Amino acid sequence: MRRFLAILLSLCFAACQQNQEKPISESPAEIAQKFSLEMQTTPKEVNAGEPIEFIFTVKDDKGSIVKDLEIFHEKPMHLIVVSTDLAEFYHLHPELQKDGSLKLSMTFPNGGDYKLYAEFKPKKVKNEILKILDLRVSGNQREKAELKPDEKLDKIVDGLRVSMKREGMLIAGQPTTLKYKILDPQTNKPVGDLEEYLGEIAHFVVINSNLNEFSHSHAFWAGAHRRNKNSHHEHQHSHSPEKEIIGTDEDAIMTEVTFPKEGIYKIWMEFQRNGKVTTVPFVVEVGTKEEIPAIASEVRVPDDVFKVAVTEKGFLPQEIHYKQGKPLKLGFIRASDKSCGSEVVFEQLGIKKQLPFGEPVIVEIPTEKEGIINFTCGMKMLKGKIIIQKTP
């Protein structure tokens with residue numbers, strides 16, 4: 001009996017030790033705090049029109065140089081440099097040296113204040129780490145550009161017509177899909193000879209007017225045959241070529257962005273054609289959830305129901321991305337009696353529901369098949385869609 005108790009106690013002690021030795025999972029922000037980025041310049045004073053060498057050093061929380069940086073998107077570091085009015089934009093790549101530092105040479109055309117956003121990834125760290133630095137450049141300063149939302153999301157850049165389409169209002173905190181088309185301005189037909197740039201068909205950088213919000217995302221093709229061609233990138237949204245999403249323009253390049261707070265943002269799209277990198281900027285304004293009518297916010301629905309407000313301006317949100325096979329219930333709330341939203345119609349599903357003012361109406365949506373399910377108001381003036389996506 002004593003021998004049995006001794007064995008039992010030793011097993012319990014071993015289990016406790018194992019539990020104590022288990023690493024505590026840390027958030028990306030906590031991990032990022034363990035690393036710092038130091039910057040030096042040669043010469044020390046940076047002057048407009050004169051070459052400068054940057055020397056960056058990544059250090060851990062013990063002050064040691066981190067030499068084992070991973071190569072991600074073909075580079076050990078991605079450096080975005082912008083003027084504080086966001087008129088100037090540079091996407092640069094410091095080169096890793098034997099001593100662990102990263103060096104880069106460049107010349108600033110103008111004097112003024114700049115922000116540097118450096119992304120790097122130490123080995124054994126899951127996510128890229130972002131560090132933001134300030135830089136003052138001496139010399140003649142150009143006139144500051146006014147940052148205001150573009151009235152038309154359509155531009156001619158480097159002999160190409162580039163347009164951006166957004167689905168509905170841009171609301172802070174809500175994922176938004178942006179759709180781009182790159183056309184020949186003479187024929188208005190999509191160009192079909194884009195090349196991969198840093199391992200992607202396109203890159204997107206988003207910075208707000210206060211310069212304290214930054215994101216770097218990548219593209220996926222809307223068309224199934226395009227997606228299949230690029231499906232070896234793990235973050236791209238790939239689908240089987242036999243299952244084209246009906247109603248989606250296959251020549252559109254898409255990216256998903258979440259704007260963390262309200263305000264004005266500048267979005268730069270970068271892509272490559274014939275060995276030349278083209279950068280196309282657009283400026284947008286992002287609102288808040290408070291812009292959704294209060295009645296829609298106050299109406300309660302069950303926890304497993306996704307709320308959709310029906311307003312004078314349309315459905316909020318207008319576009320919903322959802323995983324294939326996961327049960328989906330939508331709770332429609334008519335928040336305005338001045339719109340045509342007295343009923344919601346899912347023509348493909350044969351569903352038509354009356355929407356009393358201020359009362360939730362729940363519609364169960366089948367998600368077994370990948371594709372797009374459209375819905376409208378009774379007069380088909382307000383439109384929305386659900387994009388059922390294959391689970392990776």
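Structural remarks
- Residue within region 74-83 that is under 27 Å from the mean Cα position of the chain (by Cα), of a type in the set (S, T, Y) and under 24 Å from E256 (Cα atoms) present: no
- Matching residues in region 68-98 - criterion: being under 24 Å from K123 (Cβ atoms), of a type in the set (D, E) and either assigned to a loop (DSSP other than H, G, I, E, B) or touching a residue at least 24 places away in the same chain (Cβ under 8 Å) (or both): D68, E70, E74
- Matching residues in region 95-126 - criterion: being surrounded by 13 or more Cβ atoms within 10 Å (Cβ to Cβ) and over 25 Å from V46 (Cα atoms): K121, P122, V125
- Condition met for S163 (free of Cβ contacts under 8 Å to residues at least 60 places away in the same chain and among the hydroxyl-bearing types (S, T, Y)): yes
- If you check D193, D150 for being farther than 17 Å from I267 by Cα and not aromatic (F, W, Y), only one passes: D193.
- Within region 354-392, being in a strand (DSSP E or B), exposed (fewer than 13 other Cβ atoms within 10 Å of the Cβ) and in contact with a Ser or Thr (Cβ under 9 Å, 6 or more places away or on another chain) holds for one residue alone: Q354.
- Among the candidates L330, L349, residue that is over 18 Å from T177 (Cα atoms), of a type in the set (A, V, I, L, M), at pLDDT 90 or above and loosely packed, with under 15 Cβ neighbours inside 10 Å: L349
- Whichever residue in region 23-67 is part of a strand (DSSP E or B) and of a type in the set (A, V, I, L, M) and, among such residues, is nearest to P94 (Cα to Cα): I55
Yes/no matrix, rows are residues, columns are (1) at pLDDT 95 or above; (2) assigned to a loop (DSSP other than H, G, I, E, B):
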{"residue": "S105", "(1), (2)": "yes, no"}
{"residue": "N110", "(1), (2)": "yes, yes"}
{"residue": "Y117", "(1), (2)": "yes, no"}
{"residue": "K124", "(1), (2)": "no, yes"}
{"residue": "K131", "(1), (2)": "yes, no"}
{"residue": "V137", "(1), (2)": "yes, no"}
{"residue": "A145", "(1), (2)": "yes, yes"}
{"residue": "K152", "(1), (2)": "no, yes"}
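- In region 70-89, the residues that are modelled with pLDDT of 95 or more and among the aliphatic types (A, V, I, L, M): M77, L79, I80, V81, V82, L86, A87
- If the condition is being under 15 Å from A32 (Cα atoms) and more than 32 Å from the chain's Cα centre (by Cα), then region 45-62 contributes only K62.
- Only one of I387, I372, I333 that is β-branched (V, I, T) and without any contact (Cβ under 8 Å) to a residue 60 or more places away in the chain: I333
- Residue count, region 154-204 (criterion: in contact with a helix residue (DSSP H, G or I) (Cβ under 9 Å, 6 or more places away or on another chain) and either at pLDDT 95 or above or part of a strand (DSSP E or B) (or both)): 1
- Any chance E285 is surrounded by fewer than 16 Cβ atoms within 10 Å (Cβ to Cβ), in contact with a Lys or Arg (Cβ under 9 Å, 6 or more places away or on another chain) and modelled with pLDDT of 80 or more: yes
- For region 302-326, the set of residues classified as surrounded by fewer than 19 Cβ atoms within 10 Å (Cβ to Cβ) and of a type in the set (S, T, Y) consists of Y322 only.
The values are calculated or read from the model by the stated rules, or taken from the named source; none is laboratory data. Note that the structure is a prediction, hence the values are computed from the model and not measured. We place every Cβ from the backbone using ideal geometry, glycine too, and count neighbours over all the protein chains shown.
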